[in-house]
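The values are calculated or read from the model by the stated rules, or taken from the named source; none is laboratory data. The structure displayed is predicted, hence computed values, not measured ones. Reconstructed Cβ throughout: ideal geometry from the backbone, glycine too, with neighbour counts over all protein chains shown. With ligands, DNA and RNA removed, areas are computed over all heavy atoms of the protein, side chains included. Shrake-Rupley method; radii C 1.70, N 1.55, O 1.52, S 1.80 Å.
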Amino acid sequence: MKKLVCILIVLFSVNLSMAMDDELDIHGFVAQGFLKTDHNNFIQNTEDGTFQFNEMGLNFNTQLSDSLLMSIQFFASDFGDIGNDEITISHANVDYYFREWLCIKAGINRGAFGFYGDTRDIDMLRTYVFLPTSVYPEAYRDCINSAKGVEIHGNMYPSLLALEMGDLSYRFQYGFIDIPKGSGIERILAKRGHTDTLSSSTDTSFNLLLTWDTPMPGLRIQGQYVQIGYQLNGTTKDDIFWKQTKEDMLLGIEDDAYRSFLEDSLVITNVPINFSGDISMIVYGAEYTRKNLVIAFEEAIYGQAFDYTIDARLSDSILKKTDSLNNKGLGYYYAASYQFYDWLKMGAYYAVTYPLKDDKKGKDNLVFIDRPSYFAWQKDSCLSLEFDFNRHSSLKLEAHYMDGGTQLDYIVNLDPEGYFDTQRYWYLFAAKLSFNF
Amino acid sequence: MTIVTKHHFNAFLLFLLLGVCLMFPKPAISGDPVLIGSPDIFESTLTKKEIRNIYLGKKKKWLNGHAIKLTVNDTPEVQISFTSVYLQKTPAQFITFWKNMVFVGQGRFPKFFSNEKELIDYIQSTDGAIGFISTDPPEGKDVRRFIISD
């Protein structure tokens, strides 16, 4: 990464000297937040209140030619155990404008995700401290924010029988999204598979996002499909999930002696396991803006389709067991915000998350066997106030009333007893001060 | 004993009315702003849709191949009028939109001018520049005044 940063800085300097008559634009932002919960640690120490919640970025951009824009942005953030203020490149690319309907971007690109996903690092661009976590889980942020590769994007203006049908824009991204060990997505998948991770790797991914600004002023509709190839290697945990899985495996065996032998000899805990498959995301929604009012709805379906192989031990031999894991999670929200004055904006949303959309009560799936059933959902009612002191600084105050805890173990590691120390109903308070130039 | 007198009730209504007025301020909107561009630009007429696409960073080049350089008149009345008529946005939404474009690597922030004379001078001397002002440009300024069509 350091090598890449150096190369980009050198390239940027060289290109800068070749830039036409344009100067280099520099913009930046710093945001410091505070989080407090009455029960449950949303991230580390939120029950006591924590300042481990900040973001900062520095952006450089210049017009290299009439058709070529170059932009690079350094970014650091801290969100509990994620980020830890390590400097990363959130994007570094050149964007070639060929036609209005065809532009090509290459380098490290911002990952397009829903209406607001590519702006989630930049606090001053939204009313809320937290985007609705049902569609924009904080734990996904470190992985899907950026992708190395190419992006083709553009705008078109279709018409039907001489009737203008609004603006249609597209973004197609193809490349590589890094999901390293310790990242949010890896942690979630490992927890869902009751696995201790040894290695985590990704294949190429693609992302298609279509946005239709309809002929009705202020109304836009969006749809998106993302697919990421992914492998995770690790060892199965020695927990009730795998013990129950073993019991289920032996249920179909009618020979009592053989079943008894397997009960004693077959070991599927603390053995190697390999997951290989795809993570997919389907996101769609609508947003309506009329003067100072913005109303939005989005829904996301998160799919995990994996084949997994366990190297089970039977006496002294290895018995490979292959099976498939198909999970679908669901998240959606309704949001509205209104700007009362230049300095005051208020927003509210109701966001619902189900990690397994076919088990909304946490009764049927083995995943929830070792935790309270309210880990099968999270319903978040949020009220937010934004005070803009001027164009460059703002303060946000936000309150969340939560029912359920499905995202409580996304960032904090909960031990088996820890799950039962949580509470179903809890409050989260957030405050954030932002500056930008 | 009447606790809520008519006087109290009238005062309450007055405060309520005042509160509603304050809550939904109606900014004064002047006449439509005048669109001007640098003398090198070939286009003489722009549709409202083209203006919207230019100011929302979708259309980025003129017919002569020069990159479009956006300027924004930072006089509140003119800005409110321009953003509402052509962009269907408030000035705050417009600025947020461009911060978004910059921080996701999609464009460059427009140049803001609080002085119209400086804005006109910049447009006159910068290839591909476009801007909006409150009235026709003064005599002697070499800028293109766009005709706006639907």
- Message: Take the conditions at pLDDT below 95, in contact with an Asp or Glu (Cβ under 8 Å, 6 or more places away or on another chain) and surrounded by 16 or more Cβ atoms within 10 Å (Cβ to Cβ) and apply them to A:GLY285. Does it pass?
- Response: no
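Within segment B:114-136, how many residues turn out to be more than 11 Å from chain A (Cβ to nearest Cβ), open to solvent by 30 Å² or more (accessible area, probe 1.4 Å) and in contact (Cβ under 8 Å) with a residue 24 or more places away in the chain?
Looking only at that region, the number is 7.
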- Complete set of residues in segment A:330-347 that are touching a residue at least 12 places away in the same chain (Cβ under 8 Å), among the aromatic types (Phe, Trp, Tyr) and in a strand (DSSP E or B): A:TYR332, A:TYR333, A:TYR334, A:TYR338, A:PHE340
- If you take the residues in segment B:103-113 that are within 14 Å of chain A (Cβ to nearest Cβ) and either within 15 Å of the chain's Cα centre (by Cα) or surrounded by fewer than 18 Cβ atoms within 10 Å (Cβ to Cβ) (or both), which one is nearest to A:GLU55 (Cα to Cα)? B:PHE109
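How many of the residues making up segment B:56-72 are under 17 Å from B:SER125 (Cβ atoms) and either open to solvent by 30 Å² or more (accessible area, probe 1.4 Å) or more than 8 Å from every other protein chain (Cβ to nearest Cβ) (or both)?
Within segment B:56-72, residues that are under 17 Å from B:SER125 (Cβ atoms) and either open to solvent by 30 Å² or more (accessible area, probe 1.4 Å) or more than 8 Å from every other protein chain (Cβ to nearest Cβ) (or both) number 7.
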- Message: So the check is Cβ under 9 Å with 6+ separation or different chains; which pairs have a first residue in segment A:159-188 that's away from every other protein chain (no Cβ under 14 Å) and within 17 Å of A:ILE108 (Cα to Cα) and a second one that's basic (Lys, Arg) and open to solvent by 80 Å² or more (accessible area, probe 1.4 Å)?
- Response: A:GLY175/A:LYS148; A:PHE176/A:LYS148; A:ILE177/A:LYS148; A:ASP178/A:LYS148
- Note on the structure: Note: among A:ASN45, A:ASN54, A:ASN109, just one is assigned to a strand (DSSP E or B) and either open to solvent by less than 10 Å² (accessible area, probe 1.4 Å) or on the phi > 0 side of the Ramachandran plot (or both), namely A:ASN109
- Looking at A:ASP409, A:ASP403, A:ASP388, which one is in a helix (DSSP H, G or I) and touching a residue at least 24 places away in the same chain (Cβ under 8 Å)? A:ASP409
- Any chance segment A:348-361 includes a residue that's without any contact (Cβ under 8 Å) to a residue 24 or more places away in the chain, surrounded by 21 or more Cβ atoms within 10 Å (Cβ to Cβ) and under 26 Å from A:LEU414 (Cα atoms)? no
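Residues A:ASN270, A:ASN274, A:ASN327: which one is outside any strand (DSSP E or B), within 23 Å of A:LYS243 (Cα to Cα) and in contact (Cβ under 8 Å) with a residue 24 or more places away in the chain?
The conditions single out A:ASN270.
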